[in-house]
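S.K.: Quick one: the structure is below, and I'll ask about it shortly.
Computed from the coordinates by the stated procedures, all read-outs in this text should not be read as laboratory data. None of these values were measured; they are calculated from a predicted model. Virtual Cβ from ideal backbone geometry, glycine too; neighbours counted across all protein chains shown.
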Amino acid sequence: MGNQSLLIGPTPLSQRIVSLDVLRGFAVLGILIMNIQSYSMIEAAYINPAAYGDLTGGNKWVWIFSHIFADQKFMTLFSILFGAGIILLFERMDTSGRRSVPVFLRRIFWLFVIGMIHAYMLWSGDILVIYALCAIGAFGFRKKSPRFLLIFGLIVVSVASMIYLFSGASMPFIPPESKQGMLLAWKPVAESIQREIAALQGNWLAQMEHRIPSAIKFQTFLFLIFSSWRAGGLMLVGMALYKWGILSATRSRWFYTWLILGGLTFGLTMIVTGIVKNFEANWSLEYSMFLGSQFNYWGSLGIAAAYLGAIMLLCQTQWANSLLNPLAKVGRMALTNYLLQTIICTTIFYGHGFGLFGTVERMVQILIVFAIWAGQILFSVIWMTYFQMGPAEWLWRMLTYLKPPQLRASAPASAESLAPLS
């Protein structure tokens, strides 16, 4: 019975792999850099910066910064962490002697439900449904060797790339009416733009006109051609990295240093080349949607690897503990913070709140991101002083184990009681 209670409750600090918490906190904050563009601007602007809004001066540099350092990088880290989390869950359940597969499936089912509510009630850009669906396929590979997981994971990731490249090569043969539909999605006309803005500046029910079809498209068409391959493949990569001890900050400092240098060299070279070529192509559908998108698709893996190496290196450094402990607290309640970002941003930009959708330029968006970061770090530090997990994590765990875990900490956490990061 003691083992079962330990499983239902939060992992004790002394048993946590704190580097994973730090990396998760870093990822959940970083992903807002891209998501705020989806919260505040028309859908097409997320993939085509020339589709809407000013793209000169400071706004252009904010976009370049977000494209180089955020676009697909934090989704990559989340997918890797999700894969590692699958292995961790099964290890913990095997130790407790509890049947692992039913608990895992129940956990994923409720993540799917939370994601569906999030997508259709609040924001169509939800990623939780994607992760839940991909996890069902990924967990069957959990016993494979790290080498197999890495190689097969990268092969899976490459499928989406091949789909885009083959689609781009077939553009000359696409019927004109089909090509026109793609062009309107890539760079909408003024009427479509105004309709989307009006829907999201409207009340909660009015927003459904845009949110429902957008969520369906994201969970079907885009899932089949893009997100399932990338997220699913990177989950397998995450399993491999966990098994090799890379995610637990146990490899040598030289290993992580070379991971940073190699990742930055490859990632920056690819992404900057892509930026130059896409601007030279004037962000045309025929080039930028297909071949032009592949520079960041692959370059983002390099930047994500550099982030991973830097976080692991800092976790081995004693002086960095005070810097990283707040990030670890953000990471321990990552689901809460992810959903909280949606609540805050939809309140700012959608019609049930301040209705600023379509009116805020990128330079102001990034300032809002910084303000939300400060608020979420402060909130997480205060909350985790008195509670053992975030409210969303508590609900998810209760639904998974069919028993409410203890929420309040037995005693307020102090700085001295925090688990070491090294």
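S.K.: To make sure I understand, if each residue's beta carbon is the centre and we count other beta carbons within 10 Å, what order do Ile225, Ile33 fall in, fewest to most?
M.R.: Values: Ile225 14, Ile33 22.
The fewest-first ordering by Cβ neighbours comes to Ile225, Ile33.
S.K.: Summing +1 for each Lys or Arg and -1 for each Asp or Glu, what net charge is found among the other residues whose Cβ lies under 9 Å from the Cβ of Leu327?
M.R.: It works out to a net charge of +1.
S.K.: Tell me the angle of helix 100-117 to the major Cα principal axis of the chain, expressed in degrees between 0 and 90 and rounded to the nearest ten.
M.R.: Roughly 40 degrees between the two axes.
S.K.: For the range 139-298, what D do you get in µm² per second when you plug the Kirkwood radius from alpha-carbon pairs into Stokes-Einstein at 25 °C and 0.890 mPa s?
M.R.: 130 µm²/s
S.K.: Under a GNM of the chain (C-alpha, springs under 10 Å), which listed residue has the highest mean-square fluctuation: Thr385, Thr56, Thr317?
M.R.: Evaluated over the chain, the most mobile residue of the options is Thr56.
S.K.: Taking 41 Å as R0, compute the FRET efficiency from the Cβ-Cβ separation of Val276 and Ser248 and round it to 0.05.
M.R.: Approximately 0.60, to the nearest 0.05.
S.K.: If you take every residue apart from Lys60 with its C-beta less than 9 Å away from the C-beta of Lys60, what net charge results, scoring Lys and Arg +1 and Asp and Glu -1?
M.R.: Charge balance near Lys60 sits at 0.
S.K.: How large is log10 I(q)/I(0) at q = 0.18 Å⁻¹ when the Debye formula is applied to the Cα atoms of the range 269-422, each weighted equally and without solvent?
M.R.: -1.19
S.K.: Give me the number: length gained by fully extending Ala371 to Phe354, i.e. 0.36 nm times residue separation minus the C-alpha to C-alpha distance, one decimal in nm.
M.R.: Here the segment from Ala371 to Phe354 would lengthen by 4.5 nm.
S.K.: What percent of all Cα-Cα pairs in the range 72-215 falls into each 5 Å bin, going from 0 up to the bin containing the maximum distance?
M.R.: It works out to 2, 7, 12, 14, 14, 15, 13, 10, 7, 4, 2, 1, 0, in whole percents.
S.K.: To continue, here is another question. Could you state the angle between the C-alpha long axis of helix 73-96 and the longest principal axis of the C-alpha atoms of the chain, as a value from 0 to 90 degrees rounded to the nearest 10?
M.R.: Tilt relative to the chain: about 30 degrees.
S.K.: Against the globular-protein guess of 2.2 N^0.38 Å, express the Cα radius of gyration of the chain as a ratio, rounded to two decimals.
M.R.: Cα Rg divided by the expected 2.2 N^0.38 Å: 0.98.
S.K.: To the nearest 20 Debye, how big is the dipole of the chain about its Cα centre, given +1 on the beta carbon of each Lys and Arg and -1 on that of each Asp and Glu?
M.R.: 1440 debye
S.K.: Let me have the 222 nm mean residue ellipticity of the chain computed from DSSP H runs of 4+ only, each contributing -39500 (n - 2.57), with the sum over all residues rounded to the nearest 500.
M.R.: On the way: 19 runs with 291 residues, N = 422.
Result for the chain, helices only: -22500 deg cm²/dmol.
S.K.: For Lys179 and Ser284, calculate 0.36 nm times their separation in residues minus their Cα-Cα distance, and state this gained length in nm to one decimal.
M.R.: Details: separation 105, 0.36 × 105 = 37.80 nm, distance 1.25 nm.
Difference between extended and current length: 36.6 nm.
S.K.: Among the listed pairs Lys144/Lys277; Lys179/Lys217; Lys217/Lys243, which are separated by more than 28 Å between their Cα atoms?
M.R.: Too far apart for the 28 Å limit: Lys144/Lys277; Lys217/Lys243.
S.K.: When the Cα centres of the range 223-256 and the range 339-417 are compared, how far apart do they sit, in Å?
M.R.: Here the answer is 26 Å between Cα centres.
S.K.: Could you pull out every residue, at least 5 positions away or on a different chain, whose amide H is within less than 5 Å of the one on Phe387? Hs are placed 1.01 Å off N in the peptide plane, and Pro or chain starts have none.
M.R.: Residues meeting the amide H criterion: Ala409.
S.K.: On to the next question. For an R0 of 45 angstrom, estimate the FRET efficiency from the Cβ-Cβ distance between Thr257 and Ser410 and round to the nearest 0.05.
M.R.: 0.65
S.K.: Something else about it: Taking Cα atoms, how many degrees apart are the long axis of helix 294-315 and the longest axis of the chain, rounded to 10 and kept between 0 and 90?
M.R.: Around 30 degrees separate the two axes.
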